Structures are given as C-alpha cells and as structure tokens.
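Down below is the structure, laid out as structure tokens.
Read-outs throughout are calculated quantities, based only on the coordinates presented, and are distinct from any laboratory measurement. Owing to the predicted nature of the structure, the values given are computational and were not obtained by experimental measurement. We place every Cβ from the backbone using ideal geometry, glycine too, and count neighbours over all the protein chains shown.
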Amino acid sequence: MQEKEMVSDVLSSLKSSLSNYGRVIGECEDQELRQTIQQIRNQCEHYHYQLFKIAEQKNYYRPAQKASDHQVQQLKSEVTQGNTGNTGNVGGIFRNM
C-alpha cells in the first residue's frame, strides 16, 4: 500500500470516528463520561488536522476552493437563524422535528 493510500485511509477513519464521537456526546447523560469523550474527540480532531496538513503539503489532498467572505457570512447567518431550508444543514434538521 502506498503512503498516499494509507494517509487517505487514516483520514477517512478519523472522520468516521469524529462523527461517532459527536453522536455519543449528544446522547451521553453521565457528565464525567461526556467530558472524557469530548477530550478524546478533541484529540482526534487535532490529530486529523495535523494529518490533513501533511497530506496537503505532500499534494495527497487538494482542498475545495475557498469560500468567499460573502458565502461564509451567508452560511453563518443561516445557521444562527435556522434558515437553512432543505439543504441538509443543521437548521433544516431541527425545523422538521
């Protein structure tokens, strides 16, 4: 297996783990356990970002084009106001509950 494939596999696994940590944290009633899982998730995010930067430096990964300031502000506004409609973003999820 080539280094590029290994890095891609690890990044994919970390992304999956981060999603799972988020679900567990959201459903965890025990505060001490919740905080422990949050710390693990934070470490995982840090490791994921470090590996992502290495992959980017080695040209294993090319990120999408950066969003314009207008696009960022529009998304922030939509998320904070819950006006994301049916685009699959956070506001749309909670509006239908």
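The table below gives the values:
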read-out	value
Shape box of the range 1-62 [Cα atoms, principal axes, largest first, Å]	42, 17, 17
Sequence-distant lysines (8 or more away, or on other chains) whose Cα lies within less than 17 Å of K66	K53, K76
GluC sites (Glu not before Pro) within the range 1-75, DSSP loop, no more than 11 other Cβ atoms inside 10 Å	E29
